[in-house]
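All remarks here apply to the structure that follows.
The values are calculated or read from the model by the stated rules, or taken from the named source; none is laboratory data. Treat the numbers as computed from the prediction; the structure is a model and nothing was measured. Backbone-built Cβ (ideal geometry, glycine too); neighbour counts: all protein chains shown. Surface accessibility is based on the protein's heavy atoms, side chains included, excluding ligands, DNA and RNA. Shrake-Rupley method; radii C 1.70, N 1.55, O 1.52, S 1.80 Å.
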Amino acid sequence: MLTKARQTIDAVPVAKCNNCGSLEYGIVFEAGRAQVNQIVKCVNCGLMYAFPLKRSNLSEYLNNSPATLTDQSDTVKHTADKMPDYRRMAGRLEEFLPRKGVLCEIGIYSGVLLNYLRSRGWTVSGIEPDGRAVAYARRVFGLDVHHGTLDTASLNPESIDAAIMLHVIEHLDDPARAVVQVHRALKTGGIFVVETPTYDSWTFKILGRRERSLSCDGHIFFYTQETLSALLQQHGFEIVKTQLVGRTMSLARLLFNVGVMAKNSKVQDRLAALAIRLDLEKYYIYLNVKDMVRMYARKVSPGNERQSYAATSGVG
């Protein structure tokens, strides 16, 4: 549990909050305690974020490695494992848009979900910064994928009916800018689906710095249901559905997550060896500890086309 000292550090000046523009934060975790970056909390709106960053976050995902992804690559298999959960998401999306239409997924990785949505009758395209993943999605599924980011994709105004961003927003250097760009690309009445870890969960309250998603060095924004909905609403969206969702995972992945929370390399190595010895990659469970939020937001107004706080202040 967080101590009082870590919850109520004196506020100090900082580049503007990505949500509300406040100039002050309180330190939640010092650098190296929860992850490589210091984690702070906006004094005004409560948004948590990593500041300052130890490295450029985007460069970690614009991967130019010559390595080729295959069906047996761990990251590809991990993406495919999530499909039972994302099929339910697709069904919910189609309750709001029964006629389907044009859909763009931002951060498609291997393209498994985008290929599935295409099979359901959507006209699909995707955006992905990892060059290896782009090559895999094009080669295996023949998908229309832009290698880059929302900034370089240049989606036409009011050109899509739905946008999906699953476990991406927490990695972005400027989430507010991305929400503005998605809003501009959606038709009025279009649906934006966002999924991300949530930090108003009982797991964060109990585990604190050991919470598994907080420990990922690539996560730089840490939303609650309140701060995520505030971000969407201030840019012309209304929240039409909020779900606290779980994940289908292999028992090997479950042990990996336990190792992450242990924050001990010897424990991690032993759990990895145990997973291999017992062949736990074969066995799956569905686990919902309510530490991830999925929001469905509808474009209802012109939105706030302001230049986002982070773009001008250097947050992240």
**Message:** With the structure loaded, tell me whether Glu305 is assigned to a loop (DSSP other than H, G, I, E, B), of a type in the set (Asp, Glu) and either modelled with pLDDT of 85 or more or exposed (fewer than 15 other Cβ atoms within 10 Å of the Cβ) (or both) or whether it fails that test.
**Reply:** yes
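In this structure, does Arg139 turn out to be of a type outside the set (Ser, Thr, Tyr) and without any contact (Cβ under 8 Å) to a residue 12 or more places away in the chain?
yes
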**Failed condition for Phe204, given (1) more than 23 Å from Leu254 (Cα to Cα); (2) buried (at least 20 other Cβ atoms within 10 Å of the Cβ)** = (1)
**Request:** Mind telling me which of the residues Tyr199, Tyr223 ends up being of a type in the set (Phe, Trp, Tyr), over 22 Å from Ala90 (Cβ atoms), out of contact with any helix residue (DSSP H, G or I) (no Cβ under 6 Å at 6 or more places or on another chain) and open to solvent by 10 Å² or more (accessible area, probe 1.4 Å)?
**Result:** Tyr199
**Request:** Just name the residue that is modelled with the lowest pLDDT out of those in the stretch 277-302 that are surrounded by 13 or more Cβ atoms within 10 Å (Cβ to Cβ), among the aliphatic types (A, V, I, L, M) and over 20 Å from the mean Cα position of the chain (by Cα).
**Result:** Leu280
**Message:** So for the stretch 242-257 (the condition being of a type outside the set (Val, Ile, Thr), open to solvent by 30 Å² or more (accessible area, probe 1.4 Å), in contact (Cβ under 8 Å) with a residue 40 or more places away in the chain and in contact with a Phe, Trp or Tyr (Cβ under 6 Å, 6 or more places away or on another chain)), does at least one residue qualify?
**Reply:** no
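Residue-by-condition table, conditions (1) part of a loop (DSSP other than H, G, I, E, B); (2) surrounded by fewer than 16 Cβ atoms within 10 Å (Cβ to Cβ); (3) modelled with pLDDT under 95; (4) among the aromatic types (Phe, Trp, Tyr):
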{"position": "Asn19", "(1), (2), (3), (4)": "yes, no, no, no"}
{"position": "Lys41", "(1), (2), (3), (4)": "no, no, no, no"}
{"position": "Pro52", "(1), (2), (3), (4)": "yes, yes, yes, no"}
{"position": "Thr70", "(1), (2), (3), (4)": "yes, yes, yes, no"}
{"position": "Pro84", "(1), (2), (3), (4)": "no, yes, yes, no"}
{"position": "Arg88", "(1), (2), (3), (4)": "no, yes, yes, no"}
